[in-house]
Amino acid sequence: MKVLIIGNGGREHAIAWKIAQSPKLKKLYVAPGNAGTEEIAENIDMAAKDQEAVVKFCKKESINLVVIGPEQPLVEGLVDRLAKEGVRAFGPSKYAAQLEGSKAFAKEIMKKLAIPTAEFSVFTDAELAMDYVAKKGTPIVVKVDGLAGGKGVVVATSMPKAMEAIHLSMVKKVFGKAGEKIVIEECLNGEEASVIAITDGETVKLLASSQDHKRIFEGDSGPNTGGMGAYSPAPVVTEALEKELLMRVFIPVVKELKEQGHPFKGFLYAGVMVTGDGFKVLEFNTRLGDPETQVILPRLENDFLELLLAAADGMLNTIKLEWKDRDCVCVVIASGGYPSDFEVGKKIAGLLTAKESADIAVFHAGTKRQDKDIVTAGGRVLGVVGLGRGMFEALSKTYNAVDKIFFDKMYYRKDIGHKVARIVK
Ligand code: AMP
Ligand code: GLY
């Protein structure tokens with residue numbers, strides 16, 4: 001099998017690492033990839049936006065499967081384009097990807113299917129939105145309808161903050177078209193978790209649960225980031241909750257999209273808030289999470305390529321998912337200053353020593369090769385991942401490996417998994 005992975009983050013390195021273990025694999029490409037994927041695959045300098053180039057490449061190299069990591073190409077219809085050209089790709093169509101690409105679309109489906117979610121209203125007029133907020137009071141949540149790179153949600157604790165969020169999105173249009181429509185919703189309290197399913201449009205199977213750490217500082221404080229760490233499983237997602245999510249969320253959504261004539265094939269990710277009053281779905285993503293993937297895939301026993309092929313071909317019912325009875329942790333090492341300004345081009349030391357143990361993997365995100373060195377090239381630089389018997393062991397192995405890595409101004413949270421195991425280094 002010849003496989004092309006689209007993307008360049010830690011998630012895509014983890015996908016490449018897992019696919020590379022498959023005996024079915026003949027050749028692996030990642031576009032554009034990073035210094036980590038370069039060690040196990042051939043990086044191709046190609047932008048997913050350039051659908052023409054992707055199609056041409058897939059035909060020239062006789063690619064058997066395209067796996068798309070990030071949301072943008074899905075929302076732009078890359079899967080539809082590839083399908084039209086006879087290239088097999090695993091991921092949702094442009095229509096189905098609206099579950100992530102439009103918060104209003106997702107909320108309307110949840111309402112129709114009576115899926116528990118925050119009470120909401122959709123607005124295309126700033127004044128009406130402001131009147132609504134004035135009436136509802138704070139705290140309140142203002143969400144840009146379209147994709148905003150994780151920056152489109154404001155949990156406003158004061159009236160001026162809520163008004164500012166509406167103004168920035170709808171009047172100043174800082175998110176462009178994506179922010180012309182907004183969703184305003186009730187603020188929920190509870191514990192968040194990520195539950196991701198794989199589906200071929202008919203059969204739905206849940207992957208292991210996980211939880212990420214979105215805030216930059218310890219104790220879940222400071223601004224939001226792309227994710228500073230994760231762990232799997234997430235104890236807050238009990239077996240009973242998994243069953244409930246499958247029956248009340250995933251199966252109904254997949255059935256609904258099939259009935260709408262656009263079956264959902266791909267990974268369907270529900271961000272859930274577990275409240276005192278049961279679960280509520282915060283959002284859908286139509287892909288694997290980052291950094292959730294980095295802690296889910298090391299626990300998966302199955303041949304990942306075989307799983308993806310079965311799902312792409314509508315044969316997911318033939319596969320039984322098997323999970324290692326191990327806990328997994330990912331600690332993200334970022335460039336100092338991230339998510340604001342940071343410097344790049346710092347030489348990274350200790351990468352080989354860090355992954356000496358078979359229970360450790362180091363997934364690259366913002367890295368690139370510069371002559372013989374690997375240097376930093378982004379905000380989130382590496383995800384150090386460790387497996388252990390229980391969260392305590394996974395954490396201590398992972399932080400030991402983190403200690404072996406160094407670059408100038410590196411930053412990481414020392415309390416990943418703090419909610420699960422009370423170990424703080
Ligand atoms: P989303 O992209 O919708 O998941 O929102 C990003 C983050 O904002 C979530 O992970 C939550 O931490 C927070 N958030 C979103 N919606 C709500 C809500 N209704 N109440 C409280 N926090 C929320
Ligand atoms: N970790 C959150 C996401 O992938 O959207």
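Quick note: the coordinates plus some simple rules give every number you see, no bench work behind them. Everything numeric here is computed off the predicted structure, so don't read it as measured data. Cβ sites come from the backbone with ideal geometry, for glycine too, and all protein chains shown count toward neighbours.
Odds and ends about this structure:
- Euclidean distance of C-alpha centroids, the stretch 268-336 and the stretch 357-410, integer Å: 20 Å
- Residues L74, L282, L308, sorted so that the one with the fewest Cβ neighbours within 10 Å comes first: L282, L308, L74
- Largest-first principal axis extents, alpha carbons of the stretch 3-52, Å: 31, 20, 15
- Sequence-distant lysines (8 or more away, or on other chains) whose Cα lies within less than 16 Å of K49: K94
- This model, with +1 at the C-beta of Lys and Arg and -1 at the C-beta of Asp and Glu, gives the chain a dipole about its Cα centre of some 440 debye.
- Net dipole in debye of the stretch 104-151 [+1 Lys, Arg Cβ; -1 Asp, Glu Cβ; about Cα centre; nearest 20]: 220 debye
- Low-density loop positions, trypsin sites (Lys or Arg not before Pro), the stretch 319-357 - DSSP coil, at most 11 other Cβ in 10 Å: K320
- In order through the stretch 141-149: 3J(HN,Hα) via Karplus (6.51 cos²θ - 1.76 cosθ + 1.60), integer Hz, x for Gly, Pro: 10, 10, 10, 5, 5, x, 6, 9, x
- Taking the stretch 103-138 and a reference point 7 angstrom along Cα→Cβ of E259, the backbone N atoms nearer than 19 Å belong to 105-117.
- Of the GluC sites (Glu not before Pro) in the stretch 22-126, those whose Cβ has at most 15 other Cβ within 10 Å and which sit in DSSP loop: E61, E85, E119
- Placing +1 on the Cβ of every Lys and Arg and -1 on the Cβ of every Asp and Glu, with nothing else charged, gives the stretch 71-196 a dipole about its Cα centre of roughly 240 debye.
- The alpha-carbon atoms of the stretch 140-197 define a convex hull whose volume equals 94 cubic angstrom per residue.
- Positive-end extreme of charge dipole, the stretch 129-251 - chosen from Y132, V237, G226 (charges on Cβ): Y132
- All C-alpha to C-alpha distances of the stretch 140-256, sorted into 10 Å bins beginning at zero, yield P(r) values of 12, 30, 36, 20, 2 percent in whole numbers.
- At q = 0.15, 0.19, 0.25 Å⁻¹, base-10 log of I(q)/I(0) for the stretch 44-141 (Debye sum, equal scatterers on each alpha carbon): -0.71, -0.90, -1.26
- Tail weight of P(r) past 16 Å, computed on alpha-carbon pairs of the stretch 351-425, percent: 52 percent
- Spin-label model, K372 to K324: label points 7 Å out along the Cα-to-beta-carbon direction sit 3.3 nm apart.
- Note on the chain: Rg/Rh from Cα positions, Kirkwood definition for Rh, rounded to two decimals, is 0.95.
- Label point distance in nm, R389-C187, each placed 7 Å from Cα along Cα→Cβ: 4.5 nm
- Across the stretch 192-267, Cα-Cα pairs farther apart than 19 Å form 47% of the total.
- Cβ-derived FRET efficiency at R0 41 Å, Q21 paired with E108, nearest 0.05: 0.50
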